[in-house]
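The values are calculated or read from the model by the stated rules, or taken from the named source; none is laboratory data. Here the structure is a predicted model, which means the values were calculated and not measured. With ideal geometry, Cβ positions are generated from the backbone for all residues, glycine too; neighbour counts draw on all protein chains shown.
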Amino acid sequence: MEIQNYCPSLTSYSRWITREVKIGDVGIGADNPIRIQSMTTTNTMNTDATIEQSIRMIKAGCEIVRITAPSIKEAENLRVISNGLRSQGYKTPLVADIHYTPNAAEVAARIVEKVRINPGNFADRKKFETHEYTDKSYDEELERIRDRFLPLVLVCKEYGTAIRIGTNHGSLSDRILSRYGDTPLGMVESAMEFIRICRDVDFHDIVLSMKASNTQVMVQAYRLSVNTMNTEGMNYPLHLGVTEAGEGEDGRLKSAVGIGTLLEDGLGDTIRVSLTEEPEEEIPVAQLLVERYAIGLEHQFIEPIEKILYDPYFRERRKTNQITNIGGDNVPRVVGDLSNIKNINREHLAPFGYNYSISADKWQLSEQAADYLYVGVGKIDFELPGTLAVIQDAESWSGLPDHFPMFTVQNYLDAVNPSDVLNFVTLTLNDVTQATLAALEDDPTIVIVADTNHFYSLAEQRKLFVELMRREITAPVLIRRKYSATTKDLFMIYSAIDFGGLQMDGFGDGIWAQSTLDAGLMNETLFGILQASRTRISKTEYISCPSCGRTLFDLQETTSKIRARTDHLKGVKIGIMGCIVNGPGEMADADYGYVGTGVDKISLYKGQEIIQRNIPSEGAVEALIDLIRRHNDWVEPEAV
């Protein structure tokens, strides 16, 4: 496997060129713009509600509408829905979402413009069993799949219907798990088995997806799928998405980290942002992502990376020295910025997770308390909590305990009395010279602050990390980025891509954003990016599906109820799934699962093991809390 065979360039933005696949009148791939799609949440048999919601989505900017078809009756009703939309002048192509029901897929393929199938459950039933296969017995399984899948392919070929082969990390078949394990390679092979069947009969109207709720797995699987396609002479378009991303800021950050990292690689021809919200709310987030790449990224030249020194298909953190609490095995650190405030007092620390109680004369820390505060030429003249340290510009460095200087490269080389514990040195790619790096290499007190003014900042900073690795410099690196974004959403999306994309490849021992936006928002966003990239967990994680016509309870309301009761459980992962299709498999690595298994009926899981079946939804949240208690993961929330 050629390690860099997954994107056109690591330092010059360009899209990976795929073949064109037409979804009705909408072209995907080739020279077409990156398309935006979403999925209805209504019951497919409720024709009027599905049409009305589809129109809201389309008016918001949705270019492809997906609708669930869990059985033949829903598949047949897609014709009524399609006719209803066309009669009102809407020609937006429709996609039938299929799980478990090949017969429904064949009906839908005669009606709509695209059918989405999940290779994990199209021809298999998941029983969480491990099987031993010989090459002969595995080939026999592939023949069974071919017999099951080929009729749909032939129908699609006859009717001009496209197929999305959509692998989901959490619903890999027992067969794939037994052969390849719970890995990105298993995800890719799950799809490739179906693609090869299509190619055998000269069918090429294929779109591929590799979705996961874990952003690291998702990014690695997409990259590996492109590598595999390049090796086998394929170039099918990619549909990008982080499945079960959740709601609110968490869902937006998680989607931006996963989708944005791949868009930076030049990968992705259509996207869906999966939020546990109304589907039309997904569209503006998707538009912000797409707009960044709509006309390409015009940027100044960055020298190519001649040899890649990290594995893009398996995250391994860059090895660094440990200096105080930075680098080594420490979690990535968060730096807050107070450099624009002249007279700093205790209240200014509140947005960074530090609240001072005058009556108790002590600090109260949140789970998202920044590790360092940069004060520029300012100073802090009151006692700080022991978990916090201060970065000062070198010319104003006070020398106080837990106060450390920051130098430019030249000032550091000329410095007479730097700290004998910790010195921060700002460095851009342009500063990289043999003399500079030799000086940095010899000083065990240095933490590099990687700066950039480059619009394509991820590529420039990635190049800097590769240069450090090439010269075997193991100083820790804080990634710093200045933002002119004037809105919360733009800042969140852009910073999630810039910082999260580097975290995906194991780069960065801390992150630091500078902006005129609210300090508390920025601090929460930085912690959210680290959580979304699975590199520092500071709060409860919710793996929550975006709802669809299969959902068996009010997903948004239930997610809010569960969050209200559990959002203090740092590090606990809770899966909230609307139906069994998005059940124990889809929530993948969740610690606990809350899954709809009937109308207003819930089943509870510990990991992928079912603990309670079909309990009434009205008491299910309390039952979930009891389950968490029984497994000793519950702590009482602090009184406010």
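Counting only helices (runs of 4 or more DSSP H) that sit wholly inside segment 93-209, those with at least 3 residues that are under 23 Å from residue 28 (Cα atoms) are 102-108, 135-159, 184-200. When the criteria are applied in full, residue 417 fails the requirement of being part of a loop (DSSP other than H, G, I, E, B), closer than 30 Å to residue 535 by Cα and assigned by TED's automatic domain parsing to the domain that holds residue 504. Of all residues in segment 331-343, those that are β-branched (Val, Ile, Thr) have Cβ atoms under 6 Å from Cβ atoms of residues that are part of a loop (DSSP other than H, G, I, E, B) and crowded, with 23+ Cβ neighbours inside 10 Å, 6 or more apart or on another chain, in 334/370. Before we move on, is residue 495 surrounded by 23 or more Cβ atoms within 10 Å (Cβ to Cβ) and more than 17 Å from residue 425 (Cα to Cα)? It is true that residue 495 is surrounded by 23 or more Cβ atoms within 10 Å (Cβ to Cβ) and more than 17 Å from residue 425 (Cα to Cα). Restricting attention to segment 389-413, the residues that are in contact with a Gly (Cβ under 9 Å, 6 or more places away or on another chain) and farther than 25 Å from residue 436 by Cβ total 1. When residue 599 is tested against (1) of a type in the set (A, V, I, L, M, F, W, C); (2) out of contact with any helix residue (DSSP H, G or I) (no Cβ under 7 Å at 6 or more places or on another chain); (3) over 13 Å from residue 573 (Cβ atoms); (4) buried (at least 17 other Cβ atoms within 10 Å of the Cβ), only condition (4) is not met.
Criterion applied to 190, 209 was being under 17 Å from residue 267 (Cα atoms), in contact (Cβ under 8 Å) with a residue 12 or more places away in the chain and of a type outside the set (A, V, I, L, M, F, W, C), and the one residue passing it is 209.
Just give me the residues in segment 258-307 being within 18 Å of the chain's Cα centre (by Cα) and in a loop (DSSP other than H, G, I, E, B), in sequence order. Residues satisfying the conditions are 265, 266, 267, 268, 269, 272, 273, 274, 276, 277, 292, 293. Of all the numbered requirements in (1) over 19 Å from the mean Cα position of the chain (by Cα); (2) under 23 Å from residue 523 (Cα atoms), residue 432 misses one, and that requirement is (2). Of the residues contained in segment 74-89, one or more are found to be touching a Lys or Arg at 6+ places or on another chain (Cβ under 9 Å), of a type in the set (D, E, K, R) and either modelled with pLDDT of 95 or more or in a loop (DSSP other than H, G, I, E, B) (or both). Condition (residue is surrounded by fewer than 23 Cβ atoms within 10 Å (Cβ to Cβ), assigned by TED's automatic domain parsing to the domain that holds residue 278 and β-branched (Val, Ile, Thr)) applied to segment 4-17: is it met by at least one residue? Within segment 4-17, not a single residue is surrounded by fewer than 23 Cβ atoms within 10 Å (Cβ to Cβ), assigned by TED's automatic domain parsing to the domain that holds residue 278 and β-branched (Val, Ile, Thr).
Restricted to segment 222-238, and to residues there that are in contact with a Gly (Cβ under 9 Å, 6 or more places away or on another chain) and not hydroxyl-bearing (Ser, Thr, Tyr), the residue that is surrounded by the most Cβ atoms within 10 Å (Cβ to Cβ) is 237. Has segment 45-53 got at least one residue that is crowded, with 23+ Cβ neighbours inside 10 Å and outside any helix (DSSP H, G or I)? No, there is no match, as no residue in segment 45-53 is crowded, with 23+ Cβ neighbours inside 10 Å and outside any helix (DSSP H, G or I).
Whether any residue in segment 71-90 is in contact with a strand residue (DSSP E or B) (Cβ under 8 Å, 6 or more places away or on another chain), under 24 Å from residue 259 (Cα atoms) and among the charged types (D, E, K, R) is what I want to check. No, segment 71-90 contains no residue that is in contact with a strand residue (DSSP E or B) (Cβ under 8 Å, 6 or more places away or on another chain), under 24 Å from residue 259 (Cα atoms) and among the charged types (D, E, K, R).
Filtering segment 532-549 to residues that are crowded, with 23+ Cβ neighbours inside 10 Å, over 30 Å from residue 78 (Cα atoms) and among the polar types (S, T, N, Q) leaves only 533.
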